[in-house]
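The structure appears below as structure tokens.
Read-outs throughout are calculated quantities, based only on the coordinates presented, and are distinct from any laboratory measurement. For clarity, every value in this text was computed on a predicted model and none was experimentally measured. No Cβ is skipped: glycine too gets one built from the backbone with ideal geometry, and neighbour counts run over all protein chains shown.
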Amino acid sequence: MTARITGLRTYDIRFPTSRELDGSDAMNPDPDYSAAYVVIDTDHPDGHEGHGFAFTIGRGNDIQTTAIRALESYVVGRPLDGTLSDLGGVWREMVHDSQLRWLGPEKGVMHMAISAVVNALWDLRAKRAGKPLWKLLADSTPEELVDLVDFRYLSDALTPAEALEILRRAEPGRAEREAYLLERGYPGYTTTPGWLGYDDAKLARLCKEAVADGFTQLKLKVGANLADDVRRMGIARAAVGPDIRIAVDANQRWDVGQAITWVRELSRFDPWWVEEPTSPDDVLGHATIARAISPVKVATGEHVQNRVVFKQLLQTDAISYLQLDAARVAGVNENVAILLLAAKFGVPVCPHAGGVGLCELVQHLSMFDFLAVSGSMDNRVIEFVDHLHEHFVHPVVIRNGNYLAPTAPGFSSDLRPQTLIDYAYPHGPVWMEGEAA
Ligand SMILES: [Mg+2]
């Protein structure tokens, strides 16, 4: 009998992070980090499930969860093997749904819902193959990888033939790079010290701890108040010395002119990059800022809605670092496209992470990039934020500032079963207790 996909379960999971001001920045003062979570069930006797999620910061996580449910017909009832062996085809069907497409197209809640489902299917495929996702992708042929990508809207910047060439160029040395990755891991940087809600003493202490832990780059949230930012940047620079890279992140707070003025004020502290200086949709604004603040570099990506906007950011030299997000664009397939675009333009990818489980996901994409796409770790780092990992069955492992390559089969996306009970919103025990208190 042909095994089939039998169910798509969703969960509205929220963590009350606003109680401690973890995750506070200039635009998001009180986030409750949340996951619109999906589990894909099958009737195969091996019992594997596919897990995926969209990350939100609280209110609206119910809307996100409902959007995932709208994709049920693309998954449930399908033959298991046929579906998993054609994830390029499944991606195209979902993204091109002529009615759901009206809600985007290819952006926002519906696109994030597709990311959750697509990533859950990849998790299931990797579990069934007995490999971590980075390894499954890196073991694919260039032709198989190119078939995952939808080149519609990209071909003026990247053709399938160019993508094949990039992937073939990265084939020599892959085994050596894999051995290096398994031994050393992949460099991370930490955002833990720099949340805007932390006081100066906590900032200085956490900066020093980050360096002691082996990180060579850290990041500060900025953008709410210039005098505060100058003071905090001074504290951080004094705490870590001149050789540690300090990036700053404005979380879209500024207009273009304001961004230029603000970054010039901070430039005496030698910021490594300025992240999300303005609206993520403003490609030309990013390009203007990049020209004006050079040699300080611009980074963005966590709110870039799809591969088309990334294409434009690259075509206009608007960014020096590309910060893809595992669960905002439509999952693994679209991120393969984005990694290929970045390689074509020679821009390092430094993924956005933190949130709920984003570190767990993006590590696979960076490791795949190192093995099979860019072939490089130069100036590439994965964001690391040290909270909520304990809720995952296979949390990231950081050693001396590096992400160690995950070895468990899958996409590292499984939340622990007890977490799905305790943090269910609004009736899980954590939220019921919060109300009583
Ligand atoms: Mg950011």
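Brief remarks follow.
- Mean Cα-pair separation over length for the chain, i.e. relative contact order, pairs under 8 Å, 6 or more apart, %: 19 percent
- Percent RCO, i.e. relative contact order, over segment 209-332, from Cα pairs under 8 Å lying at least 6 residues apart: 20 percent
- Amide hydrogen neighbours beyond the local backbone of Thr192, cut-off 5 Å, H modeled: Asp386
- Kirkwood Rh, angstrom, segment 1-144 [1 / mean 1/r, Cα pairs]: 16.2 Å
- Debye log10 I(q)/I(0) at q = 0.09, 0.22 Å⁻¹ for segment 198-325, Cα point scatterers: -0.25, -1.23
- Cα extents of segment 79-196 along the three principal axes, largest first (Å): 48, 45, 36
- Applying 0.36 nm per residue to the separation of Asp62 and Asp378 and subtracting their alpha-carbon distance, the gain on full extension is 109.8 nm.
- The phi-based Karplus calculation (6.51 cos²θ - 1.76 cosθ + 1.60; θ = phi - 60°) puts the 3J(HN,Hα) values of segment 200-214 at 4, 5, 5, 4, 4, 4, 5, 4, 5, 4, 4, 5, 4, 7, x Hz, whole numbers, x for Gly and Pro.
- Candidate lysines for bridging to Lys202, where Cα separation is under 26 Å - those fewer than 8 sequence places away on the same chain excluded: Lys219, Lys221
- Within the listed set Val38, Val397, Val222, the Gaussian network model of the chain (springs between alpha-carbon atoms below 10 Å) gives the highest mean-square fluctuation for Val397.
- Our note on the geometry: Cα centres of segment 218-237 and segment 317-331, 24 Å apart.
- Karplus-derived HN-Hα couplings along segment 295-306 (A = 6.51, B = -1.76, C = 1.60, θ = phi - 60°), whole Hz, x at Gly and Pro: x, 5, 9, 9, 10, 7, x, 5, 10, 6, 7, 6
- 19 Å reach of a label modelled at Glu20, 7 Å along Cα-to-Cβ, counting backbone N of segment 363-401: 384-398
- Over segment 250-296: Kirkwood hydrodynamic radius from C-alpha pairwise inverse distances, Å: 10.4 Å
- Remark: the chain is approximated by an ellipsoid whose semi-axes, taken from the C-alpha gyration tensor as √(5λ), come to 33, 26, 21 Å, largest first.
- 5 Å binning of all Cα-Cα separations within segment 168-415, expressed as whole percents from 0 upward: 1, 7, 14, 18, 20, 18, 13, 7, 2, 0, 0
- Fully extended contour minus Cα-Cα distance, from Arg184 to Arg168, at 0.36 nm per residue: 3.3 nm
- Label-point separation, Thr159 to Asp422 (7 Å along Cα→Cβ), nm: 5.5 nm
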